[in-house]
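The values are calculated or read from the model by the stated rules, or taken from the named source; none is laboratory data. Everything quoted here is computed from the prediction, not taken from an experiment. Accessible surface is based on the protein model in full, side chains and every heavy atom, while ligands, DNA and RNA are left aside. Shrake-Rupley method; radii C 1.70, N 1.55, O 1.52, S 1.80 Å.
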Amino acid sequence: MVFLQLFLMLIVILIAAEVFTNALEHLGEKLGISEGVTGSIFAAVGTALPETSVPLLAIFAGTSNMETNHEIGVGAILGAPLMLATLSLFLMGMSVYKSRTATGHLRPERTGLVRDLNYFIVAFLLAAVALYIPHEKDLFRYMLGFGMVMIYVVYVWQTIRASKGLVAEGHATEAESDMFLCKVGLPNNMVVIVLQLLLGLLLLLAGAKGFINGVESAAEILGISALLLSLLIIPIATELPEKVNSILWIRKGKDTLAFGNITGAMVFQGTLLPAIGIMLTPWVPRKEVLIGIVLTLLAAVWLRIMASRKGGLRVWHLMLNGALYVTYLFIVLS
């Protein structure tokens, strides 16, 4: 019954994320903004809501066991960027392996991709440094957490500022399908878009709450810590919206949206969520945490280097990201 509950809550989360993302695409089209803004901010935040809501609800309104709540929270906070930087990018690349081959080009809008990765690497390095700040130095922890929030604010400002130029270059957002609520007869206007956004958000919160309770019981049944289970299972489950959306986009040739959906979520989850973890949880350098942070940074730096090369990104470059995820599994499970 526990695993059935996890499966059912996962379905709720996936449906909710699809509803939310569908509305976001139409919002981006109506506002006349670039694919960079829609992918890196709107779609990234929308599809990041499942994995965002899990740690937040775990920390603030989880189970009666506060230690378990913190382990679920920390695991979900750090596990999500790991999945995005390794497994998600790998699966996205493999989805076009047959059509583009291993040496085929991946053509996301380069300045936006490099900007995303630069912000993420700096923020995640700060999250790593925070592991070694003593708990009695609360002021330093709160200052660092606030600084990471401001990093995301500046990132959003720079991304939006670049939007006008990208639209002029032909990178405007175009919704692929009708909005779900319009299919039942409602008009396509801002009121209906906001209504569908709220509907998706409510479903996400309900699904995440049920998922948290299931994770605690599953950890006891499997005989492993809630931290390890949260590092491995929650991100895989809740990152599915990013994987599916990015795979669909890249197969349609929309590389900017595909990459922005993942790297934008990396920035979102590498700044705001670690800030909460630093200020509200026992943010300490446990083995599983340290290994995850190091491999996540290696994956992000590798992608940053390859994206900046004259030849650009190739499909095979993302294979190394997948290899880093396998390395993580091998280390923590052995």
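Residue separation times 0.36 nm, minus the C-alpha to C-alpha distance between Val129 and Val294: what's the value?
Gain on extension, Val129 to Val294, equals 58.2 nm.
Which lysines, if any, have their Cα less than 22 Å from the Cα of Lys183, not counting same-chain residues under 8 positions apart?
Lys30
With equal scatterers on the alpha carbons only and no solvent term, can you work out the Debye log10 of I(q)/I(0) for the range 254-295 at 0.34 1/Å?
Values returned for q = 0.34 Å⁻¹ are -1.06.
Rounded, prolate or oblate: which fits the range 261-334, taking a ≥ b ≥ c as square roots of the Cα gyration tensor eigenvalues, rounded meaning a/c under 1.5, else prolate when a/b beats b/c?
Oblate, because a/c is 1.5 or more while a/b does not exceed b/c.
Once the piece of chain linking Asn118 and Val326 is laid out straight, how much longer is it, given 0.36 nm per residue of separation minus the C-alpha distance between them?
72.4 nm
Could you tell me the accessible area of His135 in Å² (1.4 Å probe, neighbours in place), rounded to the nearest ten?
80 Å²
Check the straight Cα-Cα distances from Lys209 and name the lysines below 25 Å, setting aside those fewer than 8 residues away within the same chain.
Filter leaves Lys243.
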